[in-house]
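Visitor: Below is one structure. I have some questions about it.
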């Protein structure tokens with residue numbers, strides 16, 4: 001197929017809220033659109049779908065201008081938040097209503113495991129079933145672009161996880177641009193080939209999940225993607241392969257060297273540090289070593305979130321610790337530990353925005 | 001604290017008992033006021049007598065005129081009213097409010113005043129009225145006049161009730177339908193109208209009931225051909241109350257049928 005969706009200088013204003021200008025290109029890939037509620041995620045989809053008309057800018061699908069084209073002529077499929085199934089039709093009738101060819105219904109029903117549900121009406125379906133019918137209905141139109149507006153947000157965690165896994169392979173097989181709106185970082189990283197972070201009606205950062213997670217370009221992105229450890233730091237020494245930074249009386253080496261100003265925010269993701277016993281010397285010898293004291297911990301199931309007060313007591317660092325490590329070290333409040341921070345785990349954000357645009 | 005709430009409860013119970021009784025009596029009296037006259041009407045004339053008088057040509061003529069005119073008015077009101085109702089349901093702002101006020105105006109206007117207003121446009125002496133008379137299709141003292149009067153007073157019921165019915169249809173469903181490649185017309189026909197159907201039917205039923213009972217504006221615009229309400233008036237004035245009963249009973253039966261429709265296939269807007 002090879003469809004490309006290109007948005008350029010797309011703007012829409014609603015009294016208090018200004019969306020855009022947004023520039024964005026989406027190829028045959030899944031773009032997870034991640035942002036807090038009210039940031040403009042749904043507006044972005046509405047503009048592409050044609051539910052909302054832009055004040056200015058263009059929406060091109062393989063070179064064809066969509067702005068101004070009625071939504072029924074866009075060939076843009078949209079899966080709405082609660083499914084938006086027609087309540088007076090059965091699941092089968094919903095899909096048949098949309099189907100470009102009647103033989104598509106059974107294939108889609110098999111693909112999305114709807115076989116036992118086809119003769120039921122939307123009110124008798126569970127949230128997950130409704131979403132699957134809604135997806136089948138949209139796919140039945142054979143769209144050139146697929147938009148999904150938080151389709152999993154209303155589902156229970158186990159179903160959400162299962163559907164997420166199924167959707168990933170389904171989206172890959174479609175070979176069309178897929179925009180998947182969510183406010184859940186885990187869904188975004190699991191489903192997205194790339195992630196777009198939306199904030200205040202604009203795109204804050206677009207990139208591969210690993211890049212957005214480990215190399216956020218702003219404190220907002222860092223916080224929103226789960227990097228809680230943000231320190232106001234100063235670059236004290238710079239070498240071709242890295243830099244030395246200081247915050248409080250902590251000095252750390254980092255491989256990050258691409259930041260010009262000396263005032264920076266040091267970002268350290270909680271899952272990218274190791275916690276060890278105070279006097280043991282094994283582990284990564286090139287890593288920065290800081291000693292501290294456990295002040296709080298929380299069992300989050302697959303890992304422990306441990307808050308460690310660093311040496312002089314003025315700084316606190318959060319570390320995700322795997323249960324075996326947590327149990328081996330016998331951690332509890334007051335335990336003295338050594339925190340290993342690999343040089344590559346420290347990401348620097350130039351601090352033009354320190355203090356400003358705090359969210 | 002506990003003592004205070006206890007004493008409060010006692011007071012509530014004492015006063016509550018009295019007020020509940022008063023409320024029951026007030027409501028009960030009003031209910032009787034509705035039901036007793038209806039029963040009384042049916043007891044006023046022997047059943048056989050009513051049937052005999054109903055075959056009277058004047059009664060049959062007025063019933064024919066009423067049913068025919070009310071049917072035409074209802075169809076026209078629905079045809080013209082649904083698009084306006086949909087627009088009112090899907091827009092919001094000062095213009096919408098003003099338009100809605102204009103729609104509701106005939107509902108609050110005394111029907112005779114409505115008749116006068118219509119006469120200034122359609123009556124003899126008005127350009128439109130004279131042109132229609134010249135064309136051999138007079139808009140007063142004709143079935144057309146009856147229909148015009150009925151549409152004026154009855155069509156707001158279609159618009160207002162259908163507006164509420166359209167509002168109950170989530171607009172997301174219409175967007176969903178169109179995003180599936182269906183035109184506005186297909187969307188209206190297969191999604192919006194079926195979902196708003198019971199509410200629209202309620203509006204149509206109310207409009208028909210109002211049209212068939214229309215008296216004030218009809219008197220002003222078209223005394224002839226006589227509709228049932230006009231026939232009741234004429235029979236009462238010329239021949240006495242007894243002679244007005246048969247048509248009145250017919251109208252009560254039609255009203256009952258309308259209620260039946262409202263409470264079964266249609267969605268009763270007042271429930």
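A quick yes/no check of all residues on (1) farther than 21 Å from residue B:161 by Cβ; (2) more than 9 Å from chain A (Cβ to nearest Cβ); (3) crowded, with 24+ Cβ neighbours inside 10 Å:
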{"position": "B:192", "(1), (2), (3)": "no, yes, no"}
{"position": "B:198", "(1), (2), (3)": "no, yes, no"}
{"position": "B:203", "(1), (2), (3)": "no, yes, yes"}
{"position": "B:215", "(1), (2), (3)": "yes, yes, no"}
{"position": "B:225", "(1), (2), (3)": "yes, yes, no"}
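Visitor: Quick check on the stretch A:175-182. Is at least one of its residues surrounded by 22 or more Cβ atoms within 10 Å (Cβ to Cβ), within 14 Å of chain B (Cβ to nearest Cβ) and over 18 Å from the mean Cα position of the chain (by Cα)?
Guide: Among the residues of the stretch A:175-182, not one is surrounded by 22 or more Cβ atoms within 10 Å (Cβ to Cβ), within 14 Å of chain B (Cβ to nearest Cβ) and over 18 Å from the mean Cα position of the chain (by Cα), which makes the answer no.
Visitor: Of all residues in the stretch A:63-73, which are farther than 12 Å from residue A:53 by Cβ and either within 12 Å of another protein chain (Cβ to nearest Cβ) or assigned to a strand (DSSP E or B) (or both)?
Guide: If we filter the stretch A:63-73 for residues that are farther than 12 Å from residue A:53 by Cβ, which is where we start, we get A:63-65, A:72-73.
Of everything in the stretch A:63-73, those that are farther than 12 Å from residue A:53 by Cβ and either within 12 Å of another protein chain (Cβ to nearest Cβ) or assigned to a strand (DSSP E or B) (or both) turn out to be A:64, A:65, A:72, A:73.
Visitor: Out of the residues in the stretch A:109-122 that are in a loop (DSSP other than H, G, I, E, B) and surrounded by fewer than 19 Cβ atoms within 10 Å (Cβ to Cβ), state the one that is farthest from the other protein chains (Cβ to nearest Cβ).
Guide: Going through the qualifying residues, I end up with A:116.
Visitor: Here is a check on your reading of the model: is residue B:64 without any contact (Cβ under 8 Å) to a residue 40 or more places away in the chain, assigned to a helix (DSSP H, G or I) and closer than 21 Å to residue B:223 by Cα?
Guide: Numbers: without any contact (Cβ under 8 Å) to a residue 40 or more places away in the chain: yes; assigned to a helix (DSSP H, G or I): yes; closer than 21 Å to residue B:223 by Cα: yes.
When the stated conditions are applied, residue B:64 passes them.
Visitor: Looking at (1) more than 22 Å from residue B:153 (Cα to Cα); (2) out of contact with any strand residue (DSSP E or B) (no Cβ under 8 Å at 6 or more places or on another chain); (3) free of Cβ contacts under 8 Å to residues at least 40 places away in the same chain; (4) in a helix (DSSP H, G or I), which is the one condition that is false for residue B:176?
Guide: Every listed condition holds for residue B:176 apart from (2).
Visitor: Same structure, new question: From the set of residues in the stretch B:164-190 that are surrounded by fewer than 20 Cβ atoms within 10 Å (Cβ to Cβ) and under 16 Å from residue B:81 (Cβ atoms), which is nearest to the other protein chains (Cβ to nearest Cβ)?
Guide: B:188
Visitor: Going through B:128, B:119 one at a time, which residue ends up being free of Cβ contacts under 8 Å to residues at least 40 places away in the same chain, touching a helix residue (DSSP H, G or I) at 6+ places or on another chain (Cβ under 7 Å) and part of a helix (DSSP H, G or I)?
Guide: The match here is B:128.
Visitor: Check off (1) outside any loop (DSSP other than H, G, I, E, B); (2) surrounded by fewer than 20 Cβ atoms within 10 Å (Cβ to Cβ) for residue A:258 and give me the number that stays unchecked.
Guide: (1)
Visitor: Kindly provide the set of residues from the stretch A:79-108 that are away from chain B (no Cβ under 13 Å) and under 30 Å from the mean Cα position of the chain (by Cα), ordered by number.
Guide: A:108
Visitor: May I ask you to list the residues in the stretch A:225-242 that are farther than 23 Å from residue A:271 by Cβ and surrounded by 16 or more Cβ atoms within 10 Å (Cβ to Cβ)?
Guide: A:235, the sole residue that qualifies.
Visitor: Further, regarding this structure: Would you check which residues across the stretch A:123-167 are outside any loop (DSSP other than H, G, I, E, B), farther than 21 Å from residue A:106 by Cβ and touching a strand residue (DSSP E or B) at 6+ places or on another chain (Cβ under 7 Å) and list them?
Guide: Listed by number, the residues that qualify are A:145, A:147, A:148, A:149.
Visitor: Shifting gears a bit: Quick check on the stretch A:34-53. Is at least one of its residues modelled with pLDDT of 90 or more, farther than 26 Å from residue A:191 by Cβ and surrounded by fewer than 23 Cβ atoms within 10 Å (Cβ to Cβ)?
Guide: yes
Visitor: Can I ask one more? Please verify whether residue B:48 is at pLDDT below 90 and either in a helix (DSSP H, G or I) or exposed (fewer than 14 other Cβ atoms within 10 Å of the Cβ) (or both), treating the condition exactly as stated.
Guide: Against the criterion (at pLDDT below 90 and either in a helix (DSSP H, G or I) or exposed (fewer than 14 other Cβ atoms within 10 Å of the Cβ) (or both)), residue B:48 qualifies.
Visitor: Taking the conditions exactly as written (touching a residue at least 24 places away in the same chain (Cβ under 8 Å), out of contact with any helix residue (DSSP H, G or I) (no Cβ under 7 Å at 6 or more places or on another chain) and over 27 Å from residue B:115 (Cα atoms)), does residue B:242 satisfy them or not?
Guide: Values: touching a residue at least 24 places away in the same chain (Cβ under 8 Å): yes; out of contact with any helix residue (DSSP H, G or I) (no Cβ under 7 Å at 6 or more places or on another chain): yes; over 27 Å from residue B:115 (Cα atoms): yes.
When the stated conditions are applied, residue B:242 passes them.
The values are calculated or read from the model by the stated rules, or taken from the named source; none is laboratory data. Given the structure is predicted, the values throughout are model-derived calculations rather than measurements. Please note: Cβ atoms are built from the backbone with ideal geometry, for glycine as well, and neighbour counts cover all protein chains shown.
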